[in-house]
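Only the coordinates and a few stated rules stand behind these numbers; no lab work does. Bear in mind that the values here come from a model prediction, so they are computed numbers and not experimental data. We place every Cβ from the backbone using ideal geometry, glycine too, and count neighbours over all the protein chains shown.
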Amino acid sequence: MSDFKKLFRITMKRFGIWILLISILVALANGLGLKNGLDVDSKNFKESINEMANATNISFKLKNRKIDKEFLSQAEEIAKTYQEKYKLKENEELQKVDEQEFQKNMENFQKEFGEDYYLITQPYYTYNNYLTTWKDYGGNKVENSYGGNYIEDLTLPICFFIFIIAILVTSLEESLPYYEFTCMFPWRKKDEIVMKSIMVFIFGLSIFLINYLIGMGLMKASDWGPLISLIGLETISKMLLMFFATSIFAVALGMIAGNFIGHLGLSIIAIGSFRLVKTLIFVMISIFNKNVAYDFSENYNNIANNLPEILKPFEIVFNVNKSYLSIAGFLIIAILWAILAYGVNSKISSEKSGLMIISKPVSIIAKTLGILSLTSIIYFLMSVVVGPYNLLLNLIIYGLGLLLSYKLFDVLFKVRLKF
């Protein structure tokens, strides 16, 4: 614990200002985005009700009025009257109508009422879309309230914040002269994997709490305030697990990379996982036979789509969803990378710092995947330009792309990036 406190103090002295600036930027972006969303949604929702009230000659006060249960109850009466007047179908019924029948219904509507179909239906369906989100069905909270949606929407920005902080305290640190000084700390480099994962998680948790308080304050002060409800422990627990897994994942990758470019490249490989390898194989097969390549892709997708929930993040990390099993899969991936990072840092010297990847075996795999990925991108872009399929031309394009990619990555993996 004393080592962790020392590392935390040193990190704050070294990177505190950057962490503070990034935190302010994330809070500002989330706060302004939420404020704008609240205002736009309130304006659209109220305008749709106002248009329906005017069309049905129903008096309805809107100015400076909060959207509460009484508001929704009156709005529902207006919408029902409006629906009956113009014989409008519910969203569910409308989705079942085919295009030909829809065109016929639209023509009949315009003949009967002499008004543009879209202008008349827009207020009702705008209102209905919001109602799906906001209407209270008798429970203790508003279904899919802004509170729940906003907090869940924080997951991605906070995970991104965690990744940036992880880059600061791991791979970027290795590119700085300061790194030589860190090698004299009274603990082993491999021990930093655990300590820095916890530290980055604490930073992530702190910015989450700040954004949560700002967000709840903005929502309570908005027109939607009376409908805002606190989110449940289940949602919070899932988000905390995501932050914890992301902290381990990002720090582990940073402890294997020797500079921030290597960290970003290794992150693409780790996130892309089997999906990345599948894409590279698909490109290789498509050089010779596109039909076989598409068959391979379809068979792969069939297998990937039928994987158990816990294994789907192994195919590509972006498959992580809100279920505990899916998050557990991501956590297992993070721990596996942490074990690899622990092994790499158990027998590595500071002489490797600044290189793309500090482990020779990992470096070979990362370099190979990097070369093949860039080759595939070049091949794809050139194929679009060239046009129709031609085996010889495809082989030449792929071969030239491979040579160019090899030369580029060969230089990148030999250069020691130091500031």
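Taking the range 220-336 as the region of interest, the number of lysine pairs whose Cα atoms are within less than 15 Å, with members eight or more places apart or on different chains, is 4.
For Lys87 and Leu264, a Förster radius of 41 Å and the Cβ-Cβ distance give a FRET efficiency of 0.10, rounded to the nearest 0.05. Summing charges over all other residues whose Cβ lies under 12 Å from the Cβ of Phe15, with Lys and Arg as +1 and Asp and Glu as -1, gives +3.
Place the peptides 62-72, 206-216, 157-167 in order of packing, highest mean first, counting for every residue the other Cβ atoms within 10 Å and averaging per peptide.
Numbers: 62-72: 13.4, 206-216: 17.6, 157-167: 22.4.
Ranking the peptides 62-72, 206-216, 157-167 by packing returns 157-167, 206-216, 62-72.
For Ile357, which sequence-distant residues (separation of 5 or more, or a different chain) have an amide H within less than 5 Å of its own amide H, given hydrogens modelled in the peptide plane? Excluding prolines and chain starts, which carry no amide H, the hits are Gly258. Can you grab the distance from the C-alpha centre of the range 302-329 to the C-alpha centre of the range 283-299, Å, no decimals? Each part reduced to its Cα centre gives a spacing of 25 Å. Restricting the range 253-331 to GluC sites (Glu not before Pro) that sit in a DSSP loop and have at most 14 other Cβ atoms within 10 Å of their own Cβ leaves nothing.
Per DSSP H run of at least 4 residues, take -39500 (n - 2.57); add these up for the chain, divide by its residues and hand me the 222 nm value, nearest 500 deg cm²/dmol. Each step should come with its number before you reach the end.
Details: 17 runs with 319 residues, N = 419.
The helix contribution divided over the chain gives -26000 deg cm²/dmol.
Taking other Cβ within 10 Å of each residue's Cβ, how do Trp18, Trp224 sort, fewest first?
On the way: Trp18 14, Trp224 22.
The fewest-first ordering by Cβ neighbours comes to Trp18, Trp224.
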